[in-house]
1. So how much slack lies between Leu83 and Asn3, counting 0.36 nm per residue of separation and subtracting their Cα-Cα distance, in nm?
2. Which order results if Thr45, Thr147 are arranged by neighbouring Cβ count within 10 Å, fewest first?
3. Residues with amide H under 5 Å of Leu38's amide H, sequence separation 5 or more or different chain, H placed in the peptide plane at 1.01 Å from N; which?
4. Which angle between 0 and 90 degrees, to the nearest 10, do you get for helix 4-13 versus the longest principal axis of the chain when only C-alpha atoms count?
5. Once both axes come from the Cα atoms, what is the angle between helix 46-56 and the longest principal axis of the chain, in degrees from 0 to 90, rounded to 10?
6. Kindly state, to the nearest 0.05, the FRET efficiency for Leu158 paired with Lys70, given R0 = 45 Å and r defined as their beta-carbon distance.
7. Determine the relative contact order of the chain: mean sequence separation of Cα pairs under 8 Å and six or more apart, normalised by residue count, in whole percent.
8. How high is the FRET efficiency from Asp123 to Thr45, r the C-beta distance, R0 30 Å, rounded to 0.05?
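Bear in mind these aren't lab numbers, they're just calculated from the coordinates by the rules spelled out. Just so we're clear, the structure is a prediction, and the values are computed from it rather than from any experiment. Cβ coordinates were reconstructed from backbone atoms using ideal geometry, including for glycine residues, and neighbour counts include every protein chain displayed.
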Amino acid sequence: MKNLNSLLKVLLENKIDFVLIGGYAAILHGASQVTQDLDICALLTDENINKLRQAFKDYHPIHRMNPSFKPSLNDYPKPGQKLENMYLATDIGVLDILENVKPIGDLNCVKAKAIRVKLFGYDCQVISLDDLIEIKKSMPRAKDKTTLAELKHLKSKLKT
C-alpha cells in the first residue's frame, strides 16, 4: 500500500481546494476501516487540473480506470475538456477526485457542513459525519454497509 498520508500532504501543501471524503474521512471520524485510496471532492476546472499537475508532477500521475487508456495527467485532459471524475494512480498512492458526491452534491454542498481538522500543520476540510453517513447509505458494497454501521455507532456516542 502506498503512503496516503504523503498523498494528502501534497494536496494540502499545494493549497488544492478540496474536501476529504471516503474511507480516510471515515477514519478521521473514528472508524476503524482500512482504505487503499484517498477520495476527495474538488472542482475539475482547467485551473484546478493545472494545480494538480503541478502538485503531482514528480509522482507520475496516470489515469487508472480504463485498462487500454492510461494517459499521464500531464497529457489528459486537454484544456477545455470536461471531466466529472478523475481516478489517478501516483507513485505515492491512488487518488479519486469527484466533482459531485451522491447524494450530497457538488463541492459547495459538501463544504457547507464540512469540519476542519489540523493535519500535517494544515487545515484540512473533512466531510461531515452526517454527510458521510448519507453517502454510505446509498452505496451497495458490503464494506460500505459495515462502515455505515460503524459511523452510525460513532454518531450515537456523540449524542451521549
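1. Extending this stretch completely gives an extra 26.2 nm.
2. In order of increasing Cβ crowding within 10 Å: Thr45, Thr147.
3. Here Val94, Leu95, Asp96 satisfy the definition.
4. That helix lies at roughly 70 degrees to the long axis.
5. 90 degrees
6. 0.60
7. 26 percent
8. Between Asp123 and Thr45 the formula returns 0.85.
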